[in-house]
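Only one structure is covered here, and it is reproduced in the block below.
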């Protein structure tokens, strides 16, 4: 098996970037999801609720963040001095505000008052202790430092989606791209020359290049996967088909969450070894 692609998302729920190499830090890929958007009441906003966030491309040059989008000129972001506490799912985390200019830029994009927040200290947010160790930390990702998916699993899912459409008398849709699932690392899941979809469900530990990872848990999927990243409209797939073939414990599943056992560097083409 090999590492087929690497992606990171500087601002949670905005467009991602594919890169050839990435540094792994204890809380995720360097630069991944260190910023998020909040609403007027301080609640976390994601593309589940505001799909137009996906029109924002956040670019990092070292530690400097620039927002680009279809509605306004690019905006360099300068975090302000004041902090506030934001509830990021089950955890309350102290985040630094990014100032009025960033708030106005993003508010114009989504059409409602919002603010941009920055996790200046990524050691503040622990991983769910049910699936991690006491020292494990995560940036502003949903729950865990990295998300892994496999090309073989997506291929099988797209086959199922086409079959489901035909059975319902519908025109089969175009295959879903992997970016719908917002992974950090995608592997070509070929073992002894055979593609094994969903083999990752059973993995406990693996090494990608020079970095060892624990598989903390499988990843349950939400309606964000139904948002077309080009049109920002919602459909029924892949949730409809995952609910048919990949539903248990009242949830649907695609991909696995990873926790790194140490820092290191990843590069596309790196070998992947399962322990």
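Rounded to 0.05, the FRET efficiency of the residue 274 and residue 229 pair, given R0 = 41 Å and the Cβ-Cβ distance, is 0.85. Once you divide the Cα radius of gyration of region 122-180 by 2.2 N^0.38 Å, the number left is 1.72. Exposure proxy shown here: for 215, 185, the number of other Cβ atoms within 10 Å sets the order, fewest to most, as 215, 185. The orientation-averaged projection of the convex hull spanning the C-alpha atoms of region 181-275 amounts to 7.4 square nanometres. Here the Debye sum runs over all C-alpha atoms of region 79-223 as equal scatterers in vacuum, and log10 of I(q)/I(0) at q = 0.14, 0.16, 0.21 Å⁻¹ comes out as -0.91, -1.04, -1.26. Among 254, 198, 232, the order by Cβ neighbours within 10 angstrom, fewest to most, reads 232, 198, 254.
Fully extending the segment from residue 210 to residue 80, taken as 0.36 nm per residue of separation minus the present Cα-Cα distance, adds 43.1 nm. For the chain, the mean residue ellipticity at 222 nm estimated from helices alone is -4000 deg cm²/dmol, where every DSSP H run of n ≥ 4 contributes -39500 (n - 2.57) and the total is divided by all residues, rounded to the nearest 500. Here 216, 230 are placed in order of increasing Cβ neighbour count within 10 Å, fewest first, which gives 230, 216. The alpha-carbon atoms of region 1-63, seen along their principal axes, cover 43, 23, 21 angstrom, with the largest extent given first.
Value of Rg to Rh for the chain, rounded to two decimals, is 0.96; Kirkwood radius and Rg both from alpha-carbon coordinates.
FYI, it's all coordinate maths here, none of it is from the lab. A quick note: this is a predicted structure, and the numbers were derived from the prediction, not measured. Cβ sites come from the backbone with ideal geometry, for glycine too, and all protein chains shown count toward neighbours.
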